[in-house]
Amino acid sequence: MSDHEIAAVQEHSGHVVHRDDEGSKMGMWLFLFTELLLFGGLFLLYGGYRFEYSEGFKAAAADMNVFIGMINTVILLTSSLAVALSIAALQENKKTLSMGLLWFTQVCGLAFLVNKYFEWSHEIHNGIYPGGPALENMSNGEVIYFGLYYTMTGLHGLHVIVGMIFIGFVMVFIQRDKITSTNYQKLENAGLYWHLVDIIWIFLFPLFYLLH
Amino acid sequence: MSEQGKEHAEHTSHHPTYGTYIMVWIGLVALTSITVTVAGIKLGSLTLITALTIATIKTLMVTYYFMHVKFDNRVIKIFILVCLIIFLILWILTFSDLSFR
């Protein structure tokens with residue numbers, strides 16, 4: 001933390017507040033690595049099974065709606081852009097713009113989840129669920145594909161929800177001027193989390209939707 | 001204040017402009033449409049490789065610009081590199097086991 005930042009904190013509160021932005025960032029990255037291992041393990045499982053049941057995987061993926069998957073990819077990429085821009089805006093002390101961009105991110109997150117809801121309902125409607133009529137007539141590879149599909153996109157969806165809650169807290173902090181142009185590491189950390197969620201989807205999309 | 005601290009304070013103010021972010025986003029969307037188009041062509045085993053290559057390029061763009069790794073200090077860069085190497089070892093060991101069974 002630089003001298004002028006300490007001075008800025010002192011001015012407002014009257015006493016020295018110890019803050020370590022670099023340490024905070026490092027802690028966030030460390031947490032992101034545990035997330036990487038969590039999803040990495042699942043991707044490993046996917047890789048191993050795809051290697052063994054490549055035909056079943058292809059047959060199962062043929063029913064995927066590539067269009068919705070692509071729309072969701074663009075939605076997440078755009079929301080990542082909005083978070084990155086909101087940090088830049090806050091650094092320039094443009095609080096309203098920063099808040100607006102974070103609201104936009106929330107809308108994108110919600111849109112992603114709504115698409116996911118329609119996708120899952122469509123599949124469940126078609127009898128693809130544990131013990132479902134369609135799943136029982138499928139080959140082992142297809143069953144494993146759908147098991148991994150529900151687990152991985154479901155866990156990813158949970159991360160989208162957590163990311164939205166995280167950004168929601170950050171928005172309250174910005175509103176109350178707890179996060180400012182000189183003290184924005186919390187926003188940056190929320191951004192890092194959101195980008196990680198985006199990156200996971202960057203891999204999930206081609207692996208589950210684009211098998212031919 | 002230490003020299004390193006001063007250096008860092010200067011670094012954080014060098015974040016990219018709005019234009020850079022928007023350019024990166026355009027690149028990401030373009031790569032997404034390329035993946036979808038390429039997947040439509042029957043390339044056989046190349047499909048997976050191209051899809052993963054494009055996903056990796058997109059990941060690098062997101063981490064480098066959106067996650068500000070380009071502007072982070074060396075400690076965090078090395079930190080990320082070490083973790084990626086550990087992750088790669090995990091993958092390489094598992095798949096070498098799987099393919100030579």
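The values are calculated or read from the model by the stated rules, or taken from the named source; none is laboratory data. The structure displayed is predicted, hence computed values, not measured ones. Neighbour counts are summed over all protein chains in view; Cβ atoms, including those assigned to glycine, are modelled from backbone coordinates with ideal geometry. Note: areas computed on protein heavy atoms with side chains; ligands, DNA, RNA excluded. Shrake-Rupley method; radii C 1.70, N 1.55, O 1.52, S 1.80 Å.
If a residue has to be acidic (Asp, Glu) and within 14 Å of chain B (Cβ to nearest Cβ) to count, how many in the range A:158-204 make the cut?
2
Tally up the residues in the range A:130-169 that are of a type in the set (D, E, K, R) and surrounded by fewer than 16 Cβ atoms within 10 Å (Cβ to Cβ), please.
1
Select from the range A:94-125 the residues that are surrounded by fewer than 17 Cβ atoms within 10 Å (Cβ to Cβ) and free of Cβ contacts under 8 Å to residues at least 24 places away in the same chain and list them in ascending order.
A:Lys94, A:Thr96, A:Leu97, A:Gly100, A:Val107, A:Val114, A:Tyr117, A:Ser121, A:Ile124, A:His125
How do the pairs read when you match residues in the range B:29-49 that are more than 7 Å from every other protein chain (Cβ to nearest Cβ) with residues anywhere that are not polar (S, T, N, Q), using Cβ under 6 Å and keeping only pairs 6 or more apart or on different chains?
These pairs meet every condition: B:Leu31/B:Ile54; B:Leu31/B:Lys58.
Take A:Glu52 and tell me if it is open to solvent by 30 Å² or more (accessible area, probe 1.4 Å), of a type outside the set (Val, Ile, Thr) and without any contact (Cβ under 8 Å) to a residue 24 or more places away in the chain.
no
Are any residues in the range A:170-185 at pLDDT 95 or above and open to solvent by less than 40 Å² (accessible area, probe 1.4 Å), and if so, which ones?
Correct list: A:Val170, A:Met171, A:Ile174.
Is it the case that some residue within the range B:66-78 is out of contact with any helix residue (DSSP H, G or I) (no Cβ under 9 Å at 6 or more places or on another chain), at the interface with another protein chain (Cβ under 10 Å from one of its Cβ atoms) and in a helix (DSSP H, G or I)?
Within the range B:66-78, none of the residues are out of contact with any helix residue (DSSP H, G or I) (no Cβ under 9 Å at 6 or more places or on another chain), at the interface with another protein chain (Cβ under 10 Å from one of its Cβ atoms) and in a helix (DSSP H, G or I).
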